[in-house]
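Let me begin by presenting the structure, written as structure tokens, before commenting on it.
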Amino acid sequence: DQYQRLQVTISQLRSTQMELRARMDAQRSAENRLVHAAKLAAVGEMAAGIAHELNNPLTSVTGFAELALESIPKDSEMRKDLEIVMREAIRARDVVRRLLDFSRQSESTRTRASLNDIIGDVVALSRHLIHTSGVELILELEQELPWVFMDANQMKQVLVNLVHNALQAMPAGGEMKIMTRS
């Protein structure tokens, strides 16, 4: 009788030990996720700060380039170079604008939006990372795609996460295809 009670107690102790291990593993996993989320939030804040810092000089560059273009003859070789500077500064300003739009945390706002435009913004933000990861990006976006009622910022977040997950899954490079279809 005592032997059976001892066996039951040992069994209960083993069960409790296994449950405790499982809870500790779950706690460790939750802590790791929290640390990762905090790091992502810090990187987001840093990126927003950098974007703000870049916005002012880019505005100055485009402003001065516009002024200089007004005084340079149309056939001047220098004008072509300055037009390149202007185009690239505007492109960089657009990337900064998208980054700022993405980093703003606002309440959920659903509106009609183009999924293709959102994908374009995400690709513009991620293009350098995709390229440096040795990944070839293939876009197949349906041109007549209907607009969708959604929160554009949340959708951007989802797509950025998908792109980053895909890149992590291709450490040796590869091909990433983003497609839209009705």
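Computed from Cα atoms, the angle from the helix 115-132 axis to the main principal axis of the chain rounds to 80 degrees. Of all alpha-carbon pairs in the range 1-58, indicate the percentage at a distance above 20 angstrom. Of all Cα-Cα pairs in the range 1-58, 60 percent lie more than 20 Å apart.
Of all lysines in the structure, those lying under 21 Å Cα to Cα from LYS39, and not within fewer than 8 positions of it along the same chain, are LYS156.
Whenever you get a sec, compute what percent of the accessible area on the chain sits on carbon and sulfur atoms (1.4 Å probe).
57 percent
Relative to the longest principal axis of the Cα atoms of the chain, the long axis of helix 152-168 lies at roughly 70 degrees.
Estimated at the nearest 10 Å², the accessible area of SER114 is 20 Å² with a 1.4 Å probe.
The alpha-carbon of LYS177 sits under 20 angstrom from the alpha-carbons of these aspartates and glutamates, leaving out residues fewer than 8 places away in its chain: ASP117, ASP121, GLU136, GLU140, GLU142, GLU144. Legend: calculated FRET efficiency, ASP117 to ALA38, from the Cβ-Cβ distance at R0 = 35 Å, rounded to 0.05, equals 0.65.
Taking every protein chain into account, the accessible area of the range 1-92 amounts to 84 square angstrom per residue (probe 1.4 Å). Measuring with a 1.4 angstrom probe and ignoring ligands and nucleic acids, MET86 comes out at about 20 Å² accessible. If you put +1 on each Lys and Arg Cβ and -1 on each Asp and Glu Cβ, how big is the dipole of the chain around its Cα centre, in Debye rounded to 20? Taking the Cα centre of the chain as origin, the dipole is about 780 debye.
Take HIS128: with every protein chain present and a 1.4 Å probe, its accessible area is about 140 Å². The separation of the range 1-64 from the range 120-170, counted between C-alpha centres, amounts to 25 Å.
The values are calculated or read from the model by the stated rules, or taken from the named source; none is laboratory data. What you see is a predicted model; the values in this text were computed from it and never measured. Counting neighbours? That spans all protein chains shown, and the Cβs are built from the backbone with ideal geometry, glycine included. All accessible areas refer to the heavy atoms of the entire protein, side chains included, with ligands and DNA or RNA removed. Shrake-Rupley method; radii C 1.70, N 1.55, O 1.52, S 1.80 Å.
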